[in-house]
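Encoded as C-alpha cells, the structure appears first; notes follow it.
The values are calculated or read from the model by the stated rules, or taken from the named source; none is laboratory data. From a predicted model like this one, the values you see are computed outputs, not experimental measurements. No Cβ is skipped: glycine too gets one built from the backbone with ideal geometry, and neighbour counts run over all protein chains shown.
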There are 2 protein chains.
Amino acid sequence: MEKKRFVITIGRQFGSGGRFIGRKVAEILDIPFYDNELLTKAAEESGLSEAVLDSYDERKDSFFSGVMPYNYGIDLSLGQKVFLAQFDAIKRIAASGSCVIVGRCADYVLEEDQNVVSVYISAPLDYRMKRVIQYYDIKDQKAKDTIIRMDKKRASYYNYYTDLKWGRAKNYDICLNSDIGVEKTAKAIVDFTKLKLDV
Amino acid sequence: MEKKRFVITIGRQFGSGGRFIGRKVAEILDIPFYDNELLTKAAEESGLSEAVLDSYDERKDSFFSGVMPYNYGIDLSLGQKVFLAQFDAIKRIAASGSCVIVGRCADYVLEEDQNVVSVYISAPLDYRMKRVIQYYDIKDQKAKDTIIRMDKKRASYYNYYTDLKWGRAKNYDICLNSDIGVEKTAKAIVDFTKLKLDV
C-alpha cells in the first residue's frame, strides 16, 4: 500500500533551533528536509514560468492582489520574483511527496493542502541567546541584537507576503516552545503529526 | 512514591472548545479541573488577605507596578480586587496538587512554576461558529459577533492584567488548533505534558 503524502512546515524564531528540529523530524520520519537554502536552489533551477504566474491571479490576499493587476514581468521587484519562484518551488516539492519545509512562509503557501501540519517554534530569549552564542559564534550583547533583528526581518517578510501575522498561535496547527530541547520538540511534532494526519 | 505535582493552564479562543478539552485532559489524567466559575468561587471563599496583597509588591509588570504604589485597599477597583483574589486562589490551588486550570491568566500567574504546561487553544472561525451555534444555541451572524466580542474581551483582560499579549505563540509552552476535535486535542496536551514534565 502506498504511504499517505504529508508535509510538515516549520516557522521559527531566530535561535529557537527550528532548523535543527526540522532536520530531526525529517530524520525520524525518514522524509526529505528543505530549508531556505534548498528552497532558493530549487526556485533558481525552475525559474518563474508564465503558467506559474498565471495561477496567482486567483489569490485574494494583500500581496497577490497588490501585484497581480500589473504586468508582473515588468513591475515585480527582484524580491517579489524570488518569492514567487520559491512559492512555486514549495508547491511542487510538497506535491511530489512527504517532506519537512522550514521557513519561506511554507505554511501559507500550502494553507489549502489538507495533508499539512503547520508548526511554529519559539523559545525564551535567554535560551535563544545561549544557542546563538554556541552555534553562530556571536558574543552576548551582539547575540541579543542579532536575534531581535532577525526576528523583525522574518516577521516583516511573513507579514508582507501573507495576509497573516507571524507568530500568532491561531495561524498554525501547533506552536511549541523549544526550551524543552531539540529532541523533545521534534518528538512532539512527530507525535502530533501522527495524531492529526493518521500517518 | 508520591506522584509529582504538575499543573496544566489553558487559555483559549471563544468557541474553540478549550473548556471541554481541559475537562477531558483532567479526566484522562485523573486530576481536578477548574474553570472561571470554580476559580471565582474559590476566590470568594478566601477573599483578599493583607499577606496576599503584600506579596505583589515584588512584581514588576504593568498592572502590578501601576497599582502597588497606592494604598490598594482604597484605590483598587472591584475588578482589580477580584483579579487579585483569583490570582491568589490560582496560586493556592496550583500549590496544593496537580490540576487543570482554564482561563483567568493562569499561565501568567504561574509563570515561575517549573511544573506547569501552559496551553493556548485556537481554531478557525468556521469551526468555532459551528460549536457556538451547537452549544450556546445562538444563530449564524450572532455567533460570529459573539465570538469576536468574547475574544476581544479575553484579549483585553489578559493584556491588561499581564505584560504579555494574548494568543502570541511565544507566551505558551504549546498552542494547538482544535479543529482536529476535542479528543485529539486533549490527547496532544496529555502527550506533551508527559514529554515535558516526565509525569
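Here is how the numbers come out for the structure above:
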| quantity | calculated |
| --- | --- |
| Residue, surrounded by the fewest Cβ atoms within 10 Å (Cβ to Cβ), within the range B:157-172, restricted to residues that are more than 13 Å from the chain's Cα centre (by Cα), within 10 Å of another protein chain (Cβ to nearest Cβ) and not in a helix (DSSP H, G or I) | B:K165 |
| Within the range B:140-156, considering residues that are away from chain A (no Cβ under 11 Å) and touching a residue at least 12 places away in the same chain (Cβ under 8 Å), the one surrounded by the most Cβ atoms within 10 Å (Cβ to Cβ) | B:A143 |
| Matching residues, the range A:48-103, being of a type in the set (F, W, Y) and modelled with pLDDT of 55 or more | A:F63, A:F64, A:F83, A:F87 |
| Residues that are part of a helix (DSSP H, G or I) and either modelled with pLDDT under 95 or more than 7 Å from chain B (Cβ to nearest Cβ) (or both), drawn from the range A:176-199 | A:S178, A:D179, A:V182, A:E183, A:T185, A:A186, A:I189, A:V190, A:T193, A:K194, A:L197 |
| Residue within the range B:134-145 that is under 22 Å from B:T40 (Cα atoms) and under 19 Å from the mean Cα position of the chain (by Cα) present | no |
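Condition check ((1) over 21 Å from B:Q13 (Cβ atoms); (2) in contact (Cβ under 8 Å) with a residue 12 or more places away in the chain; (3) within 14 Å of chain A (Cβ to nearest Cβ); (4) in a helix (DSSP H, G or I)) across all residues:
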site	(1), (2), (3), (4)
B:K91	yes, yes, no, yes
B:R104	no, yes, no, no
B:Y108	no, yes, no, yes
B:E111	no, no, yes, no
B:Q114	yes, no, yes, no
B:V119	no, yes, yes, no
